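The values are calculated or read from the model by the stated rules, or taken from the named source; none is laboratory data. Every value quoted in this text rests on a predicted model; they were computed, and no experiment measured them. As a convention, Cβ positions derive from the backbone with ideal geometry for all residues, glycine included, and neighbour counts pool all protein chains shown. When the accessible area is computed, the model is the full protein with side chains, heavy atoms only, and any ligands, DNA or RNA have been set aside. Shrake-Rupley method; radii C 1.70, N 1.55, O 1.52, S 1.80 Å.
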Amino acid sequence: MALLEVRDLSVVFQRKGEKPFTAVDGVSFDVDPGQTVGLVGESGCGKSVTSLAIMGLLPRRGNRVGGTATFEGTNLLSLSDNQMRERRGRDLGMVFQDPLSSLNPVISIGLQVTEVLQRHRGMKGDAAKRKAAELLDKVGIPDPTRRLSEYPHQLSGGMRQRALIAIALACAPRLLIADEPTTALDVTIQAQILSLLKELVTDTGTALVMITHDLGVVAGLCDEVNVLYGGKIVERAERHALFNHARHPYTHGLLGSIPRLDAPKGEKLVPIKGSVSDNIPWDNGCAFAPRCPNAIDDCRQTMPVLETDGPGQLRCHNPVELADAVREGAR
Amino acid sequence: MLRFVVRRLLQAIPTLFILSILVFAWLRALPGGPAGAMLGDKATPEKIADLNRTLGLDQPIFVQYFKFLGRVLTGDFGSSLVSNQAVLDEIGFALPATIELSLTALLLAVGFGIPLGYLAARYHGRLVDNSVVIGTLVGVAVPVFFLGYLLKLWFAGEGLGWFPPSGRQTTGIDATEVTGFATLDGLLTGEFDAFGDALWHLVLPGVALATIPAAVIVRITRASVLDVVNEDFVRTAESKGLGRQTVRRRHVLRNALLPVTTTIGLQTGLLLGGAVLTERVFNWRGIGYLLAEGIERRDYPRLQALILLGAVVYVLVNLLVDIAYGIIDPRVRAR
Ligand SMILES: Nc1ncnc2c1ncn2[C@@H]1O[C@H](COP(=O)(O)OP(=O)(O)O)[C@@H](O)[C@H]1O
Ligand code: SF4
Ligand SMILES: [Mg+2]
C-alpha cells in the first residue's frame, strides 16, 4: 500500500463577492514509502496549494477542500485540527521556499529546533539541545552547538535552509514535502541542498514529495514525476521516461526551457510561449490550448482526460509522437 | 549594553543644550512677563521696570542665559516666582504624583490595549473585532479633558458617587509620607486603608489619561497581529504541529509586539502632555498643575526647569524602549 494516496484532491478558493477559483482540480497521485515523487509545473499551477492542503495548512477560511489524502490508512483531510497538530512535524514534515522568512527572526535557532522535539518527543533541556546539535550537524551545519544560540539573521541562506531541513526531519517523519526548497538560493547552494536532501531521504528511508518549477531539479532526484498545469495533472511518468520521451506538449515545453550542459554552443533555450494567465478554463477544452503548438480543434471543445499511456499517464488529445520525442530526447 | 546606554545619554546632551536656549528665548518672547503677572492690577510701567530689575530681567538676554546656564550646571534651577520655593523642591514634591498617575495610565493602556488588540485580530471581521475597532475610533477622538469631566459627572460626586472627584487622598486620612508615591507609601507603612484610598483616587484620572494610548495600542497590536499571522515563519511553526498556544505566544505575539513596543514609547511621551490636562480636571497636584500655574504666572525659572525635565524624561523613556526592543529583537541587539 502506498504511504500517501491522494485521490481527486480539489481546492476551491471562495472570497466574499468574488467568483470561486479552482486552484487544484481532481489531483490524484501516490507516494510509496521511501519514494521521491516530483510535482512540477510553472508558478501558479497549484503545487503549493496541493501540498498545503495535504498538510492541513491552508488558510482556515475562504476555501473548500475536496477529495482525500490517505496517509497510512487515515484520511488526513478528515482529521480535526488537534489531530493534524499531532501528525504535523511527527509523521509529516515540510520545508518551504524562502528560508529567511520561514524562520522566526526573534527566536534562537536552538529553540526553533528543540520546540519540535519537545512537542512530539517530550525532550527537554540539555537532552533536547544535544539532539538539536546532532541534527544540525547531520544537515552539514558547522559548529552546531554554537549555532543553537544564534538567530536566523546570523546564518547564510544555505545554512538557514539546512536548519529548516533539520527541523522538518527532527522527528524522523515518514513523509517530507519540500516546496521549492532551492528556489530562493544561489545556484551553487541549490545543488548542495538538493544533494543533502537526496542523501537524507535515502539514509532514513523518508518519502519525499519534491515540488519545483524546474525540471532540472527533478532530474537528479525523483523516481516519478507529476506534471501539473492549471490545477490538473497533465502527465505522469517515471523519471527516465519523462526525460527521454515526454508525450505532453507542456512537458516538452518545460524540457525545452531547462539549460542543458551538453547543449551545443549557441543553441537557444526555447521557453514556452505565453504565460499561465493565457488560460482557458478546463471545462471548455484543454487549458493549455492557447499556448500549445500541437493544438487541434478538439482541444478547444472537449476536455482531455487523464488516461493510461504506456507505463505513465497522459491528458492530451494530440500528444507528441513517440518517434519525435525519442529524436528530440536524443538531440 | 552599558556602552550603548552611556552613548545614548551623551548624545542627549547637545539636544538638551539647544533646547535650553530655545526655551529660554521662547519664554521671554511670550507676551507679558512675570512682573506683570505678579503685580496684577497694581501694575504700572514703573513698578514693572522696578520688579524686572530686582529679578534681573532687565539685563540682555544672553547675559541672563549664561547666568542661568552657570547655575544649572551647579544643579541650581533657581526659585519659583510664584511660591518662592526652590524650583527643584517644588518639582520633587509634585513628581511622584505625576509619575503615579502616568504609570497607572500606562499600565491600564498596555494591560487593556494589547489583549483587546489581540482579540480583535483573532476574531478578525467578526462582531468582537468590529466593536473593538469602533471603540478605538471613539477612544482616540475624545479629548482628554472632556472625557475627564464626563467620568467625573457619571462616576464621581453627584453621579454614581463611586469614585472621588478630585485630589490624591481623602483629606484627613492618616497617611504617613515616605516616598511621596501615595500607593507605595500605603504599602510600605502597612496603612492599607491609605493604600486603598490612594488607589481609589487614581481610577478616574487614570482611565481618562489611559484612553487615547490604549486605543492607539489596540489598533497597532491588531494590525501587527494581522500582519504576523500571514508570515511564513508562522506557517513553519504550524508545520511543526506545535500547540495552538505555543504558536500564538511564541511565534505570533512575540513578533507582533515589536511595533507595539515602539508605540508604547511614543505614547509615553504623549502621556506627559495628557497628564497636564488630566491633572487640571482632577485637581491633581502634579507636574501638570505646576506647569499650568507656571504658564499663567510667567514663572520663568519653573517653566525652564519643567521643560528641560520633560525632555530628559523623554530621552530616558526612549532609551528604555530601545533597550526593551533589543531584548525582544535580536536583530537590533546585534547592531
Ligand atoms: N489563499 C489563497 N487565496 C486565493 N487564491 C490562492 C490562495 N493561495 C493560492 N491561490 C491561487 O491558487 C493558484 C495556485 O497557487 P500555488 O499553489 O501557490 O501555485 P504554485 O504552483 O506556484 O505553488 C494561484 O493562482 C494562486 O493565485
Ligand atoms: S489537449 Fe490539445 S491543447 Fe491540450 S496539450 Fe494536448 S494537444 Fe495541446
Ligand atoms: Mg508555490
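Computed values, structure above
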{"read-out": "Which of B:Leu160, A:Phe71, B:Leu290, positive extreme of dipole for the protein assembly as shown (C-beta unit charges)", "value": "B:Leu290"}
{"read-out": "Pairwise FRET efficiency - B:Leu150 versus B:Val128, Cβ, R0 = 30 Å, nearest 0.05", "value": "0.75"}
{"read-out": "Of the DSSP H helices in chain B, those whose Cα atoms cover at least 30 Å axially and whose Kyte score averages 0.0 or more", "value": "B:2-29, B:87-122, B:192-228, B:254-281, B:300-328"}
{"read-out": "Relative contact order (%) - the stretch B:241-335, alpha-carbon pairs under 8 angstrom, separation at least six", "value": "31 percent"}
{"read-out": "Cα-centre dipole for the protein assembly as shown with unit charges at Cβ (Lys and Arg positive, Asp and Glu negative), debye to 20", "value": "540 debye"}
{"read-out": "Gyration tensor verdict on chain A (Cα atoms; rounded if a/c is under 1.5, prolate if a/b is larger than b/c, oblate otherwise)", "value": "prolate"}
{"read-out": "Distance (nanometres) between label positions extended 7 Å along Cα→Cβ at B:Val138 and B:Leu160", "value": "1.4 nm"}
{"read-out": "Pairs from A:Lys16/A:Lys232; B:Lys42/B:Lys152; A:Lys47/A:Lys124 whose Cα-Cα separation, in the structure shown, is over 31 Å", "value": "B:Lys42/B:Lys152; A:Lys47/A:Lys124"}
{"read-out": "Number of partner chain Cβ atoms within 10 Å, mean per residue of A:79-88", "value": "2"}
{"read-out": "Calculated FRET value between B:Trp200 and B:Glu293, using beta carbons and R₀ = 30 Å, to 0.05", "value": "0.70"}
{"read-out": "log10 of Debye I(q)/I(0), alpha-carbon scatterers only, for the stretch A:117-195 at 0.12, 0.16, 0.26 Å⁻¹", "value": "-0.35, -0.62, -1.34"}
{"read-out": "Positive-end extreme of charge dipole, chain B - chosen from B:Phe93, B:Leu39, B:Val133 (charges on Cβ)", "value": "B:Val133"}
{"read-out": "Sparsely packed GluC sites (Glu not before Pro) within the stretch A:1-106, loop by DSSP, other Cβ within 10 Å at most 13", "value": "A:Glu18"}
{"read-out": "Electrostatic dipole magnitude of chain B [Cβ: Lys, Arg +1; Asp, Glu -1; Cα centre; debye, to 20]", "value": "1560 debye"}
{"read-out": "Cβ crowding within 10 Å averaged over residues, with B:179-191, B:275-287 ranked highest first", "value": "B:275-287, B:179-191"}
{"read-out": "Within 10 Å of each Cβ in B:239-251, the average number of Cβ atoms from other chains", "value": "6"}
{"read-out": "Phi-based couplings in Hz for the stretch A:65-72 (Karplus 6.51, -1.76, 1.60; Gly and Pro marked x)", "value": "10, x, x, 9, 9, 8, 10, 6"}
{"read-out": "Largest-first ordering by accessible area, 1.4 Å probe, given options B:Met1, A:Met303", "value": "B:Met1, A:Met303"}
{"read-out": "Distance between modelled label sites at B:Thr262 and A:Ser156, nm, 7 Å Cα→Cβ extension", "value": "3.1 nm"}
{"read-out": "Debye, to nearest 20: dipole size of the stretch A:4-222, +1 on Lys, Arg Cβ, -1 on Asp, Glu Cβ", "value": "820 debye"}
{"read-out": "Rounded to the nearest 10 Å², the accessible area of A:Asp203 at probe 1.4 Å", "value": "120 Å²"}
{"read-out": "List A:Met1, A:Met123, A:Met94, B:Met38, ordered by accessible area with a 1.4 Å probe, largest first", "value": "A:Met1, B:Met38, A:Met123, A:Met94"}
{"read-out": "Relative contact order (%) - chain A, alpha-carbon pairs under 8 angstrom, separation at least six", "value": "19 percent"}
{"read-out": "Exposure ranking of A:Val95, B:Val82 by accessible area [1.4 Å probe, largest first]", "value": "B:Val82, A:Val95"}
{"read-out": "B:Asp50 paired with B:Phe62, simple spin-label distance in nm, labels 7 Å along Cα-to-beta-carbon", "value": "3.3 nm"}
{"read-out": "Global form of the stretch A:37-76, assessed from the alpha-carbon gyration tensor, a/c cut-off 1.5", "value": "oblate"}
{"read-out": "Value at 222 nm in deg cm²/dmol, rounded to 500, when DSSP H runs of n ≥ 4 in the protein assembly as shown each add -39,500 (n - 2.57)", "value": "-17000 deg cm²/dmol"}
{"read-out": "Rounded if a/c under 1.5, otherwise prolate or oblate - chain B, Cα gyration tensor axes", "value": "prolate"}
{"read-out": "Orientation-averaged projected area, Cα convex hull of the protein assembly as shown (nm²)", "value": "42.2 nm²"}
{"read-out": "Between 0 and 90°, nearest 10: helix A:157-169 axis offset from chain A longest Cα axis", "value": "80 degrees"}
{"read-out": "Charge dipole (chain A, unit charges on Cβ, about Cα centre) - positive-most of A:Phe96, A:Tyr151, A:Pro311", "value": "A:Tyr151"}
{"read-out": "Those aspartates and glutamates that a straight Cα-Cα span of less than 17 Å connects to B:Lys47, excepting residues fewer than 8 apart in one chain", "value": "B:Asp58"}
{"read-out": "Whole-Hz couplings from phi, Karplus 6.51/-1.76/1.60, listed for the stretch A:116-129; x for Gly and Pro", "value": "6, 5, 5, 4, 9, 10, x, 7, 9, x, 4, 4, 5, 5"}
